[in-house]
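Chemist: The structure follows.
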Amino acid sequence: MDHLHPFPPDFRLILASQSPRRHSLLRDIGVPFTVVPSGADEATTGGDARELARSNAEAKVRGASLPSSLEPGAFVLGTDTLVTVDRVVMGKPASAGEARGMLAALVGRTHQVVSGVALLRRPGRGPIGRPEAFRAGVAVTEVTFESLDRGQMEAYLASGEWKGKAGAYAVQGLAGVFVSGVRGEYSNVVGLPLCLLFGLFRDLGFDLLRREWL
């Protein structure tokens, strides 16, 4: 990405997430960021998956303990990704048995990965600086799994990859071998829908591709 313009010196992004997958996606497109974990609690049940994901993302933005030295005009990003099938939202399994049940509901079928993304731009400096602004959106991607026999499922569970993953899998890992179809943003399944993110930044006055203020 050496041929792209550098980000302007006044660009700052605070990411309210400790997810290594989201960190990797932002690094892949060359976006600099600082991680500030959010103290917000994530809801995994109740209501429509789209509403739930968006609400969780907004709560993460509002719950981030921002440093007092954070520059005016900085962006704060919160994201929440859920896996849902038959209108049932799947969180992160607490045990291999719970992961087994999740996979049994997903294999041989198509399910949805739903991500809520919230982006806050802090007020700019001075009397003519930009006021605080906020945007949020939801991305939905359909993912189809191949059928697995009992031995294959147990081999996957033995890998431990299901730990800490919504729906007990990560598409960019071992689970990729039984993902036969993806309809929508692939990056959404990883944990951060980049196309949606690009649009939210644009709405708030910054072009991520050109790396300039609008």
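We did not get these values from a lab; they are worked out from the coordinates using the rules stated. Remember, predicted model here, so these are calculated numbers, not experimental data. Reconstructed Cβ throughout: ideal geometry from the backbone, glycine too, with neighbour counts over all protein chains shown.
Chemist: Within segment 77-96, name every residue whose backbone N is under 16 Å away from a label modeled 7 Å from Cα of D203 along the Cβ vector.
Modeler: 77-80
Chemist: Enumerate the amide H contacts of L15 below 5 Å, restricted to partners 5 or more residues apart or on another chain; note that Pro and chain-start residues carry no placed amide H.
Modeler: Amide H neighbours of L15, under 5 Å, 5+ apart: T34, V35, V36, L77.
Chemist: Compute the acute angle (0 to 90°) between the alpha-carbon long axis of helix 150-159 and the principal axis of greatest extent of the alpha-carbon atoms of the chain; round to the nearest 10°.
Modeler: Helix 150-159 sits at roughly 40 degrees to that axis.
Chemist: If R₀ is 41 angstrom, what is the calculated FRET efficiency for the pair Q152 and F7, using the beta carbon separation as r and rounding to 0.05?
Modeler: Values: r = 45 Å, r/R0 = 1.09.
Given R0 = 41 Å and the Cβ-Cβ separation, E is 0.40.
Chemist: Which FRET efficiency value, to the nearest 0.05, is calculated for R87 and W213 with the Förster distance at 41 angstrom and r the Cβ-Cβ distance? Let's see the in-between values first.
Modeler: Working: r = 41 Å, r/R0 = 1.01.
Here the calculated transfer efficiency is 0.50.
Chemist: Any idea what angle helix 194-203 forms with the longest principal axis of the chain, computed on alpha-carbon atoms, 0 to 90 degrees, nearest 10?
Modeler: The angle comes out at about 20 degrees.
Chemist: Please determine, in degrees from 0 to 90 and to the nearest 10, the orientation of helix 96-106 with respect to the longest principal axis defined by the Cα atoms of the chain, where the helix direction is its Cα long axis.
Modeler: Helix 96-106 and the main axis of the chain meet at about 90 degrees.
Chemist: Calculate the dipole size of the chain relative to its Cα centre from +1 charges on Lys and Arg beta carbons and -1 charges on Asp and Glu beta carbons; express the result in debye to the nearest 20. Please report the intermediate quantities before stating the final value.
Modeler: Working: 24 positive and 22 negative charges, 73 e Å.
Value, rounded to 20: 340 debye.
Chemist: Running Debye on segment 13-213 with equal point scatterers at the Cα sites and no solvent, what base-10 log of I(q)/I(0) appears at q = 0.17 Å⁻¹?
Modeler: -1.11
Chemist: Which value in nm describes the separation of the simple spin-label points at S180 and R109, placed 7 Å from the Cα toward the beta carbon?
Modeler: Each label point lies 7 Å from its Cα, and together they span 1.5 nm.
Chemist: Ok, one more. List the residues, sorted by chain then number, that are 5 or more residues from G91 or on another chain and whose placed amide H is less than 5 Å from its amide H.
Modeler: Those qualifying (amide H under 5 Å, at least 5 residues apart or on another chain) are G167.
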